[in-house]
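Shown next, in structure tokens, is the structure this report addresses.
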Amino acid sequence: MKVFITREIPKVGFELLKKAGIDFDWYKKDSVIPRKEFLRRIKDCDGLVCLLTEKIDKEAIDTMQRCKIVANFAVGYNNIDVEYAKSKNIIVTNTPDVLTESTADLTMALVLACARRLFEGEKYLREGKYKGWKPMLLLGTELRNKTFGILGAGRIGTAVGIRAKAFGTKIIYHSLKRNYYLEEQTGAKKASLNSLLKKSDFLSVHLPLNEKTFHFLNKERLQLLKKDAIIINTARGEIIEEKYLIKFLKSEKIKAAGLDVFENEPNVNPELLKLNNVVVLPHLGSATVEARNGMAELAVKNIINVLKGKPPLTPL
Ligand code: GLV
């Protein structure tokens, strides 16, 4: 039995495969595997560990002759045609829970970076402009008593809500289902989408990306945001119609944005990079040792289970 991994993952994953006596190989270069090579190497694998940088579409699924399981090294799975994989009897898994806390921490880092203009301050100092304390230098905004809106109150949205509560914000959320746990923990109130958009001082996006959520925050919806609103996206770039976000940030119809994800990732619209009221990060949500080890362990345990005839731990 053979497992292919599309890029190096933390060694805990490799060790588990060795211990289980499963043969494996991975793409050894420190870059995204080129599509041609990817298709060539998945032909005869029994299990595949892939990243969000690989499209597991019909072509890839039809290429795999023997694959029983595709284990995505990510919680989001918009890179995979799950229904088609299932129709070919391929199990698909993701890595929920293990990255929730890391992603929520990073979301708060972006909230604070935008609220307190951290990177503007950093840049100012590094450029040698700091010549002494002054009363009106780089004034930001406090979180206390502000309305913190959560769009999509799943695992990560909930973990963000709990953190935001500790900063003294009032939490509102919009989600398909009522989240009693979030309500109990934070006093959060469920809101209609319009009310969430109109009331939030901070709006944090935690929706999964799918056909229904592509450009969910379009021009009309972005227009509903307060002039002082700060928007944070650690979910997927395509959820926001980026050209309108840029337009509104430029004209200061939206105060600031903290973005860990982009519409055309890994390409970032150069217009965004020109703006001082934007904080951009290279998709670091789950980039902690703890989360990445957890992801490697979970993805590989899913593979081992399925290849040994047991049920996967986190199937989609
Ligand atoms: C990262 O973006 C993930 O979905 O795990």
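The values are calculated or read from the model by the stated rules, or taken from the named source; none is laboratory data. All values reported here derive from a predicted model rather than from experimental measurement. Positions of Cβ are backbone-derived with ideal geometry, glycine not excepted, and every protein chain shown enters the neighbour counts. The protein model used for the area step is the full one, side chains on, heavy atoms only, and it has no ligands, DNA or RNA in it. Shrake-Rupley method; radii C 1.70, N 1.55, O 1.52, S 1.80 Å.
Check which residues have an amide H placed less than 5 Å from residue 149's amide H, if you skip close sequence neighbours.
172, 201, 202, 203, 204
What chymotrypsin sites (Phe, Trp or Tyr not before Pro) in the stretch 188-235 are in a loop by DSSP, with at most 16 other Cβ atoms within 10 Å of the Cβ?
For chymotrypsin sites (Phe, Trp or Tyr not before Pro) across the stretch 188-235 that sit outside H, G, I, E and B with at most 16 neighbouring Cβ atoms in 10 Å, the list reads 214.
Pull out the extension gain between residue 137 and residue 43, defined as 0.36 nm times the separation in residues minus the alpha carbon to alpha carbon distance; nm, one decimal.
Answer, rounded to one decimal: 27.9 nm.
Give the Kirkwood hydrodynamic radius (Å, one decimal) of the stretch 35-80, defined as one over the mean of 1/r across all pairs of different Cα atoms.
10.6 Å
If R0 is 25 Å, what FRET efficiency do you get for residue 264 and residue 122 from their C-beta distance, rounded to 0.05?
Between residue 264 and residue 122 the formula returns 0.40.
PRE reach from residue 227 (point 7 Å along Cα→Cβ): which of the stretch 241-279 fall under 15 Å by backbone N?
248-256
In deg cm²/dmol and to the nearest 500, what is the mean residue ellipticity at 222 nm of the chain if only DSSP H runs of at least 4 residues count, each as -39500 (n - 2.57), divided by the residue total?
Here the helix-only value at 222 nm equals -10500 deg cm²/dmol.
Would you mind checking the pairs 170/198; 36/58; 129/165 and listing those with alpha carbons more than 24 angstrom apart?
Check vs 24 Å cut-off fails for 129/165.
Can you give me the long-range amide H partners of residue 167? Hydrogens built in the peptide plane at 1.01 Å from N, cutoff under 5 Å, separation of 5 or more residues or another chain.
none
Angle check, please: helix 155-166 long axis (alpha carbons) against the longest principal axis of the chain (alpha carbons), in degrees 0 to 90, nearest 10.
The helix 155-166 is inclined about 30 degrees to the chain.
So who's got an amide H within less than 5 Å of the one on residue 56, skipping anything under 5 residues away but keeping other chains? H placed 1.01 Å off N, in plane.
Sorted by chain and number, the residues that satisfy this are 80, 81.
So what's the projected area for the chain, the Cα convex hull averaged over all directions, in nm²?
17.8 nm²
Please go through the residue pairs 55/253; 88/301; 28/55; 28/301 and name each one whose alpha carbons sit more than 29 Å apart in this structure.
Over 29 Å apart, Cα to Cα: 55/253.
Run through the stretch 118-208 and list the GluC sites (Glu not before Pro) located in a DSSP loop whose Cβ has at most 12 other Cβ atoms within 10 Å.
127, 142
When we measure straight from the Cα of residue 250, which aspartates and glutamates land under 15 angstrom away, once same-chain ones fewer than 8 places off are left out?
Once the sequence-local aspartates and glutamates are set aside, what remains near residue 250 is 228, 241, 242, 271.
Over the chain, what is the percentage of antiparallel beta bridges among all DSSP beta bridges, to the nearest 5?
5 percent
Would you kindly find the accessible area of residue 195, with a 1.4 Å probe and non-protein molecules such as ligands, DNA and RNA excluded, rounding to the nearest 10 Å²?
30 Å²
List the GluC sites (Glu not before Pro) within the stretch 243-312 that fall in a DSSP loop (any state other than H, G, I, E or B) and whose Cβ has at most 15 other Cβ atoms within 10 Å.
Passing sites in the stretch 243-312 are 252.
Using only the alpha carbons, work out the radius of gyration and Dmax of the stretch 100-280 in angstrom.
16.0, 52
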